[in-house]
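Chemist: First the structure, which I've put down as structure tokens, then a few questions once you've had a look.
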Amino acid sequence: MMSGYSVPRRISTHESRSVTLLLIAMALGYLVLFLGLPLYVVFHQALSKGWDLYWEALKEPDAWSAIKLTLITAAISVPANLVFGIAAAWAIAKFEFKGKSLLITLIDLPFAVSPVVSGLIYVLLFGAQGWFGPWLQAHDIKLIFAVPGIVLATIFVTFPFIARELIPLMQAQGKEEEEAAVSLGASGWQTFWRVTLPNIKWGLLYGVILCNARAMGEFGAVSVVSGHIRGMTNTMPLHVEILYSEYNFVAAFSVASLLALLALVTLLVKSLVGWQAKRSGEPLHHGA
Amino acid sequence: MSRFRAHSVLPGFNLALGFTLLYLSLVVLIPLSALFFKSAALGWGGFFDLATGERVLASLRVTFLTSFAAAVLNALFGLVVAWVLVRYSFPGKRIVDALVDLPFALPTAVAGITLATLYAPSGWIGQYFAAHDIKVAYTPHGIVVALTFIGLPFVVRTVQPVLADVEAEVEEAAASLGAGRWDVFRRVIFPAVYPALLTGFALAFARAIGEYGSVIFIAGNMPFISEIAPLLIVAKLEQYDYMGATAIAVLMLLISFAMLFAINGLQWWSSRRGTR
């Protein structure tokens, strides 16, 4: 078969050249319109008034405190969900017990909940009108419209990321290697560190990257619990919103460009990890 | 040894499962149940009144119609994108493939302000629509644009692996029996990818229904016209109408659970068809 512009993958039957070109044009046109152009516009708008104003917007104290809060939030919620993900995957993949599939469904639950509702449930629990509201007020503890509420809401929305990456991976790998290690006298921790962890490292990294991207970028849930106090309870996405609603577009897109860079780095690392995992034969669960 | 699990030589079951259940309860189950207890205080009548108010129903209609339109758009073009990524090669294909996941990685607020800027009447894309007297940003059309962006990866990522697994021999057999290319697609390939396509559609639809961040910047947020249900929850909260917010939230949660149930069924169906 001759190969022109298009090389059919393993099939001898293939479309005519014009259909091939039309389909490629349609696909690329769609992706450029909905992905490429928006990505370009973020940076174009951020730099539309030059580098000086760009740096100005990023050096501003409120922007700094938003960046710091975003980093703190991710630094707490990602490790918390990492420990959970490993524990859940260990219990589910290495043991047989009743109610396992229900547990897996429950772990996925936060993905089915609207971000706004994810924030609302914590307001109903810890807000002034909430279940624990009066008690918290009596003890002068503020969770809602404060940093702890932001962290809690972020933990909720990023809850399944690492677990749902590790569970299918560890299930596919089985438990023979661990059983061999234990019967040769290794302790539980030794088995985990020396046998399990090397086998799941790419899947783990994959889950951590996706979890981190969502933790740093979450808007809806965090917006409900934050109270939007400038310089205090604003994460980067919330700071972008405030600047945008004040018609300070250059500053809004400057901060947004940092988040877009984060997204690009996430995609790059994700692809690299995916290729590495493919090479080492570790099957990755491709998904949201 | 607890009786509800099979015997194993591996250690750590009690610790791992105990921690999993504790963390799951504290972070997810107890907070979610708070929502249902709060709405139980309303009683059925009160809940029904709040959940079927005129503005609530209008916001649900906007949410569902725009989510549906975006999911249909993504099903059509997602199939084409998956097809092109699996079957053809062209320069930069790996980058294009990686870029498909951008909506998962880009914070929704960034997507929101960017799409609003692009599709505003003076924006790069909006100006061409404005020339024909069509407003995109600040109308329900704008909501569809934002939800299309948010849902873009789902269909591509569910269809891609299934399309790659369609066996060349079956296509060749069909072709050698005289089927044209279109017939092969319609009779051989499409039935194989159909369950995955439907799953991707449902995932994109479910995600769109709850979406907030990317929509509010481009929607215009006019009550009864371009106000989505999640925004109405926020609006009620800002007026300290916790009961009203809770009622809509419970309704949305029930819808999401029904969607989750349907998606699980679809995935089971498509995996069963895949291993025939």
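The values are calculated or read from the model by the stated rules, or taken from the named source; none is laboratory data. Bear in mind the structure is a predicted one, so any value in this text is a computation, not a measurement. Don't worry about glycine lacking a Cβ; one is built from the backbone with ideal geometry, like all the others, and counts go over all protein chains shown. Remember, those area values only see protein heavy atoms, side chains included, never the ligands or the DNA or RNA. Shrake-Rupley method; radii C 1.70, N 1.55, O 1.52, S 1.80 Å.
Chemist: Might you let me know whether segment B:69-82 holds any residue that is open to solvent by 10 Å² or more (accessible area, probe 1.4 Å) and either assigned to a loop (DSSP other than H, G, I, E, B) or facing chain A (nearest Cβ under 7 Å) (or both)? It would help to see each step written out before you state the result.
Modeler: Of all residues in segment B:69-82, those open to solvent by 10 Å² or more (accessible area, probe 1.4 Å) come to B:69, B:72-73, B:75-77, B:79-80.
Adding the requirement that they be either assigned to a loop (DSSP other than H, G, I, E, B) or facing chain A (nearest Cβ under 7 Å) (or both) leaves B:77, B:80.
Yes, the conditions are met somewhere in segment B:69-82.
Chemist: Still on this structure, please answer the following. Report, by residue number, each residue of segment A:72-112 that is touching a residue at least 12 places away in the same chain (Cβ under 8 Å) and farther than 16 Å from B:T20 by Cα.
Modeler: A:I72, A:T73, A:A74, A:I76, A:F111
Chemist: Looking at B:A120, B:A111, can you tell me which residue is in contact with a Pro (Cβ under 8 Å, 6 or more places away or on another chain) and small (G, A, S)?
Modeler: On the way: B:A120 fails: in contact with a Pro (Cβ under 8 Å, 6 or more places away or on another chain).
Selected residue: B:A111, the only one of B:A120, B:A111 that is in contact with a Pro (Cβ under 8 Å, 6 or more places away or on another chain) and small (G, A, S).
Chemist: Please give the helices (runs of 4 or more DSSP H) falling wholly within segment A:169-256 in which 2 or more residues are at pLDDT 90 or above, open to solvent by 10 Å² or more (accessible area, probe 1.4 Å) and acidic (D, E). Walk me through it before giving the result.
Modeler: Working: elements: A:176-183, A:188-191, A:197-217, A:220-226, A:236-245.
Those helices (runs of 4 or more DSSP H) span A:176-183.
Chemist: While we're looking at this one, here's another question. Among the residues of segment B:213-239, write down those that are open to solvent by 10 Å² or more (accessible area, probe 1.4 Å), in contact (Cβ under 8 Å) with a residue 24 or more places away in the chain and within 11 Å of another protein chain (Cβ to nearest Cβ).
Modeler: Hits for segment B:213-239 are B:I216, B:F217, B:L231.
Chemist: Can you pull out the residues in segment B:183-199 that are open to solvent by less than 10 Å² (accessible area, probe 1.4 Å) and farther than 23 Å from B:L253 by Cβ?
Modeler: Result: B:V184, B:I189, B:V193, B:P195, B:A196.
Chemist: Restrict the check to segment A:272-288 and report whether at least one residue is open to solvent by less than 10 Å² (accessible area, probe 1.4 Å), within 8 Å of chain B (Cβ to nearest Cβ) and either assigned to a helix (DSSP H, G or I) or not acidic (D, E) (or both). Reasoning before the result, please.
Modeler: The first filter runs over segment A:272-288 and keeps only residues open to solvent by less than 10 Å² (accessible area, probe 1.4 Å), leaving A:273, A:277.
Within this subset, residues satisfying the condition of being within 8 Å of chain B (Cβ to nearest Cβ) are none.
The answer is no, given that none of the residues of segment A:272-288 is open to solvent by less than 10 Å² (accessible area, probe 1.4 Å), within 8 Å of chain B (Cβ to nearest Cβ) and either assigned to a helix (DSSP H, G or I) or not acidic (D, E) (or both).
Chemist: Next question, about the same structure. Would you tally the residues in segment B:84-127 being open to solvent by 20 Å² or more (accessible area, probe 1.4 Å), over 25 Å from B:G142 (Cβ atoms) and assigned to a helix (DSSP H, G or I)?
Modeler: 6
Chemist: Just one of A:K270, A:K278 is basic (K, R) and free of Cβ contacts under 8 Å to residues at least 12 places away in the same chain; which is it?
Modeler: Matching residue, one of A:K270, A:K278: A:K278.
Chemist: While we're looking at this one, here's another question. Restricting the first residue to segment B:5-33 and requiring it to be in contact (Cβ under 8 Å) with a residue 40 or more places away in the chain, which pairs with a second residue that is surrounded by 18 or more Cβ atoms within 10 Å (Cβ to Cβ) meet a Cβ separation below 7 Å and a spacing of at least six or different chains?
Modeler: Close Cβ pairs (under 7 Å, with a partner that is surrounded by 18 or more Cβ atoms within 10 Å (Cβ to Cβ)) amount to B:L32/A:I121.
Chemist: Do we find a residue being in contact (Cβ under 8 Å) with a residue 40 or more places away in the chain, surrounded by 24 or more Cβ atoms within 10 Å (Cβ to Cβ), closer than 30 Å to B:S39 by Cβ and within 11 Å of chain B (Cβ to nearest Cβ) anywhere in segment A:123-136? Working first, answer last.
Modeler: Here is the first cut: in segment A:123-136, the ones in contact (Cβ under 8 Å) with a residue 40 or more places away in the chain are A:123.
After this cut, where a residue has to be surrounded by 24 or more Cβ atoms within 10 Å (Cβ to Cβ) as well, the list is A:123.
If we keep only those that are closer than 30 Å to B:S39 by Cβ too, we end up with A:123.
Adding the requirement that they be within 11 Å of chain B (Cβ to nearest Cβ) leaves A:123.
Looking for residues that are in contact (Cβ under 8 Å) with a residue 40 or more places away in the chain, surrounded by 24 or more Cβ atoms within 10 Å (Cβ to Cβ), closer than 30 Å to B:S39 by Cβ and within 11 Å of chain B (Cβ to nearest Cβ), one finds at least one in segment A:123-136, hence yes.
Chemist: Among all residue pairs at least 6 apart or on different chains, which show Cβ distances below 7 Å where the first residue, located in segment B:42-60, is modelled with pLDDT of 85 or more and among the small types (G, A, S) and the second is surrounded by 18 or more Cβ atoms within 10 Å (Cβ to Cβ) and part of a loop (DSSP other than H, G, I, E, B)?
Modeler: B:S59/B:E227; B:S59/B:I228
Chemist: Taking segment B:240-271 as the search range and keeping residues that are of a type in the set (S, T, Y) and facing another protein chain (nearest Cβ under 10 Å), which one is most open to solvent (accessible area, probe 1.4 Å)?
Modeler: Selected residue: B:Y240.
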